[in-house]
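Participant: First the structure, then my questions, so here it is.
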Amino acid sequence: YKFYPLLDDLKVDILSIKELIQSNNVKALLLIHYFGFLYCDLSKIRALCNKYNVLLIEDCAHTLYSEVNQNLLGSIGDFSFYSLHKVLPVKSGGLLKINNKRYQSEEVQIDKKDSIDRQSLLTYSRYDSENSITAIQSNYNFLSKELSKIKGLRIMFPILPKGIVPMNLPVYIEAISRENFYFEMISKGVTLISLYYRLIDFIDETEFPISHKISKKIINFPVNQDISMKEMILIVDSAKEVLNESEE
């Protein structure tokens, strides 16, 4: 396997991917939709994979409803996979979607333990989905607007792209260390998460300095449909207090 480099905003460098494909015996490209966002021109990636006979796999673990140009993320690749409990009211489980008809087969064996039938899954995924999507997007837009007023942090996507239903709101902490911010927020009653704060050893810092830079600064604010306006105001006020205190 080979890792492809990312740009500062997690966007994909298509030229780097092309070079990796041309110079290596690449069979498949695993494209990650971090936090439910699209970070590249998917049509160009698809065309590149077609040209060099490379299978395209979309990692949709952070999204189920995000779409671009009325195409759901996960519908362009030959395969895509999802993490259901991050979006639906289920305890665990994943979903594998096979778009490439060459690999669709009735003979595929699936472990039936703790499985869910297709109709039940469709019911889960559609239940109140329109209200949930609207709430998530509304929460994102509110938090993005209010957090952007605070000096010392930078929002990765200040404006939510059309059709995107994010898992959370990724932010760079720039004024103080991300760890200090994280624990100071906890002391004020706000627990955040920091996805990718630690990278696996195979992602070498000298080879992938931008990835390491991101991992040291990123933190994720919640925007799920259950969060209340009171809670969002608490989050904003607490972030403001922590960063203002750091300047004193």
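The values are calculated or read from the model by the stated rules, or taken from the named source; none is laboratory data. The shown structure was predicted, so the numbers you read here are calculated from the model rather than taken from an experiment. With ideal geometry, Cβ positions are generated from the backbone for all residues, glycine too; neighbour counts draw on all protein chains shown. Remember, those area values only see protein heavy atoms, side chains included, never the ligands or the DNA or RNA. Shrake-Rupley method; radii C 1.70, N 1.55, O 1.52, S 1.80 Å.
Participant: Would the range 92-99 turn up any residue that is touching a residue at least 60 places away in the same chain (Cβ under 8 Å), on the phi < 0 side of the Ramachandran plot, among the aliphatic types (A, V, I, L, M) and out of contact with any Cys (no Cβ under 8 Å at 6 or more places or on another chain)? Before the answer, list the steps.
Facilitator: As a first pass, look at the range 92-99 and keep what is touching a residue at least 60 places away in the same chain (Cβ under 8 Å): none.
So far as the range 92-99 goes, no, none of its residues is touching a residue at least 60 places away in the same chain (Cβ under 8 Å), on the phi < 0 side of the Ramachandran plot, among the aliphatic types (A, V, I, L, M) and out of contact with any Cys (no Cβ under 8 Å at 6 or more places or on another chain).
Participant: If only one of 211, 238, 246, 215 is modelled with pLDDT of 95 or more and either among the small types (Gly, Ala, Ser) or in a loop (DSSP other than H, G, I, E, B) (or both), which one is it? Step through it out loud before you land on a result.
Facilitator: Details: 211 fails: modelled with pLDDT of 95 or more; 246 fails: modelled with pLDDT of 95 or more; 215 fails: modelled with pLDDT of 95 or more.
Just one listed residue meets the conditions, 238.
Participant: Here is a follow-up. Kindly indicate which of 219, 235 is under 23 Å from residue 139 (Cα atoms) and over 19 Å from the mean Cα position of the chain (by Cα).
Facilitator: Criteria check complete, one pass: 235.
Participant: Tell me which residues, restricted to the range 142-177, are over 28 Å from residue 67 (Cβ atoms), surrounded by fewer than 18 Cβ atoms within 10 Å (Cβ to Cβ) and touching a strand residue (DSSP E or B) at 6+ places or on another chain (Cβ under 8 Å).
Facilitator: Selection gives 152, 174, 175.
Participant: Give the range 30-53 a look and list any residue that's of a type in the set (A, V, I, L, M, F, W, C) and either in a helix (DSSP H, G or I) or in contact (Cβ under 8 Å) with a residue 60 or more places away in the chain (or both), or say none. Quick ask: steps written out before the conclusion?
Facilitator: Start the filter on the range 30-53 by keeping residues that are of a type in the set (A, V, I, L, M, F, W, C), which leaves 30-32, 35, 37-38, 40, 42, 45, 47-49.
Within the range 30-53, 35, 37, 38, 42, 45, 47, 48, 49 qualify.
Participant: Residue by residue through the range 189-208, note down the ones that are open to solvent by 60 Å² or more (accessible area, probe 1.4 Å), of a type outside the set (S, T, N, Q) and either over 18 Å from residue 143 (Cβ atoms) or at pLDDT below 90 (or both).
Facilitator: 196, 197, 198, 200, 201, 202, 204, 205, 207
Participant: Of the residues 125, 105, 120, only one is closer than 24 Å to residue 34 by Cβ and modelled with pLDDT under 95; which? If you could, list the steps in order and put the result at the bottom.
Facilitator: Details: 105 fails: closer than 24 Å to residue 34 by Cβ; 120 fails: closer than 24 Å to residue 34 by Cβ.
The unique qualifying residue is 125.
Participant: I'd like the full set of residues that are more than 15 Å from residue 132 (Cα to Cα) and open to solvent by less than 20 Å² (accessible area, probe 1.4 Å), limited to the range 212-235.
Facilitator: Listed by number, the residues that qualify are 214, 215, 218, 219, 220, 221, 232, 235.
Conditions (1) surrounded by 18 or more Cβ atoms within 10 Å (Cβ to Cβ); (2) at pLDDT 95 or above, marked per residue:
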site: 6; (1), (2): yes, no
site: 28; (1), (2): no, yes
site: 41; (1), (2): no, no
site: 56; (1), (2): yes, yes
site: 59; (1), (2): yes, yes
site: 63; (1), (2): yes, no
